[in-house]
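Report on the following structure.
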Amino acid sequence: MKYSKYKKHINTINLGPTHPATHGVFQNILKVDGEKIISSIPSIGYIHRAFEKIAEKRPYYQITPLTDRLNYCSAPINNLGWYMTLEKVLDIKIPKRVDYMRVLIMELARIADHLICNGILGVDSGSYSGFLYLFQEREKIYDIFEEICGARLTTNIGRIGGFERNFSDIALSKIKSFIQDFPFIMENFEKLFVRNRIFMDRCIGVSSVTPEMAINYSWSGPLIRATGIDYDIRVIEPYSSYEDFEFNIPVGTNGDVYDRFIVRNNEIWESLNIIKQAMEKINKLNPNEYHANVPHVYLPDKNEVYNNMEALIYHFKIIMGEINMKNSEIYHSVEGANGELGFYLITDGGRTPYRLHFRRPSFVHYQSYPEIIIGSLLSDAILTMSSMNIIAGELDA
């Protein structure tokens, strides 16, 4: 049977909102010619959470659990970034030891986030083994979080001015054990993927992004660094005494799926280096210092509340949201696991924010997804989404 002319067969398909490969509840309406993508329309909003509007009706302490639900793979960074924003408004000076404790927690969270992202990228490229290598290590990090604050995934960790309690000996022991054991696991993971010919063929050259395009889309974090731009908030605008640490900023060259994988892997090693430095610095400072002396915003110890009238008054005022917040307009950002995580806060002297906006990295990055995948195969679109680490919680705030 002869065909006089080849005819294109254009079909419309849904990638999401319930497909497991999207790693979250969001949708892409794709037009495909066979396996080749010719157009994409993204759609978000399936979670219906309206966090920013809810935050405007809540006292400042009660907003912290909302930040947990942004990037829930590295919730402590969200929590501590929020507290740093409030501390800027309140002009609170944080003790060095608290800064170092926060750095330690945030870098553990960064490692956990990158482990999930790169492990899942392996799964989506056809290799489940790598994810199993890393899953137990992520659990060890969650064990540390649980020992410090009592929670694992959505941590609600810390307070304005510091932490609710000091790091216990058990927590410090678990951190030391993780630092000692983790490098061996990470080396084995890299042996599975970094020079794996099948993995390289699946990832190299897929969804390459130029530095100019990354800047135009306001990319940040590992994604923009994969294109060769060494932009990192920890260095550009240091916070929490990051200027006291020595570390490198890993960058890529091609901005493709493989470079994003390599940049995140290298960042894991750098985070491990920062954690080691933080442990050394913490050990040299007053072991009993874990918060600033700000009783008007920091919840007093329960024993004090039961036995001291002043502590009871402070406790009542803080719980009831009667924190004195002066009129201000402020923006503070931290280097989240996915990129620049920002908090734009306007206060009018009331007990709740007048306006609060979260700058969520995934929301910014996802705008570029339709352009990046045009011309690629459907299977490559899955890898691209994995390498961008799009978190649904950051899309629908």
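The values are calculated or read from the model by the stated rules, or taken from the named source; none is laboratory data. Remember, predicted model here, so these are calculated numbers, not experimental data. Reconstructed Cβ throughout: ideal geometry from the backbone, glycine too, with neighbour counts over all protein chains shown.
Quick look at the values:
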| item | result |
| --- | --- |
| Residues (of a type in the set (D, E) and either surrounded by 13 or more Cβ atoms within 10 Å (Cβ to Cβ) or on the phi > 0 side of the Ramachandran plot (or both)) located in region 182-211 | E190 |
| G255 vs. criteria crowded, with 16+ Cβ neighbours inside 10 Å and in contact with a Gly (Cβ under 9 Å, 6 or more places away or on another chain) | yes |
| Residue that is modelled with the lowest pLDDT [pool: residues in region 277-294 that are in a helix (DSSP H, G or I) and surrounded by 11 or more Cβ atoms within 10 Å (Cβ to Cβ)] | N283 |
| Within region 16-41, considering residues that are touching a residue at least 40 places away in the same chain (Cβ under 8 Å) and under 16 Å from N389 (Cα atoms), the one surrounded by the most Cβ atoms within 10 Å (Cβ to Cβ) | F26 |
| Test: residue in region 149-159 that is surrounded by 24 or more Cβ atoms within 10 Å (Cβ to Cβ) and in a helix (DSSP H, G or I) | no |
| Of all residues making up region 190-213, the number that are in contact (Cβ under 8 Å) with a residue 60 or more places away in the chain and assigned to a helix (DSSP H, G or I) | 8 |
| Region 104-123 - residue that is out of contact with any Ser or Thr (no Cβ under 7 Å at 6 or more places or on another chain) and β-branched (V, I, T) and, of those, surrounded by the most Cβ atoms within 10 Å (Cβ to Cβ) | I105 |
| Residue check for R165: of a type in the set (D, E, K, R), surrounded by fewer than 22 Cβ atoms within 10 Å (Cβ to Cβ), assigned to a loop (DSSP other than H, G, I, E, B) and more than 22 Å from the chain's Cα centre (by Cα) | yes |
| Residue match in region 335-345 (condition: touching a strand residue (DSSP E or B) at 6+ places or on another chain (Cβ under 6 Å) and either surrounded by fewer than 20 Cβ atoms within 10 Å (Cβ to Cβ) or polar (S, T, N, Q) (or both)) | yes |
| Where D143 falls short, out of the listed (1) touching a Phe, Trp or Tyr at 6+ places or on another chain (Cβ under 7 Å); (2) farther than 24 Å from Y242 by Cα; (3) not aromatic (F, W, Y) | (1) |
| Scan of region 49-108 for residues that are in contact with a Pro (Cβ under 7 Å, 6 or more places away or on another chain) and either of a type in the set (V, I, T) or in a helix (DSSP H, G or I) (or both), ordered by number | A55, I105, M106 |
| Pair list, Cβ under 7 Å, 6 or more apart: region 223-236 residue crowded, with 24+ Cβ neighbours inside 10 Å, other residue part of a helix (DSSP H, G or I) and among the acidic types (D, E) | A226/D259 |
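Matching residues to (1) within 20 Å of the chain's Cα centre (by Cα); (2) of a type in the set (A, V, I, L, M, F, W, C); (3) under 15 Å from T64 (Cα atoms):
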site: D143; (1), (2), (3): yes, no, no
site: E146; (1), (2), (3): yes, no, no
site: T154; (1), (2), (3): yes, no, yes
site: I157; (1), (2), (3): yes, yes, yes
site: D169; (1), (2), (3): no, no, no
site: S173; (1), (2), (3): no, no, no
site: F184; (1), (2), (3): no, yes, no
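Each row is one residue, and each column tells you yes or no for (1) aliphatic (A, V, I, L, M); (2) crowded, with 19+ Cβ neighbours inside 10 Å.
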{"position": "T67", "(1), (2)": "no, yes"}
{"position": "N71", "(1), (2)": "no, yes"}
{"position": "M84", "(1), (2)": "yes, yes"}
{"position": "K88", "(1), (2)": "no, no"}
{"position": "D91", "(1), (2)": "no, no"}
{"position": "R102", "(1), (2)": "no, yes"}
{"position": "S125", "(1), (2)": "no, yes"}
{"position": "L134", "(1), (2)": "yes, yes"}
{"position": "E139", "(1), (2)": "no, no"}
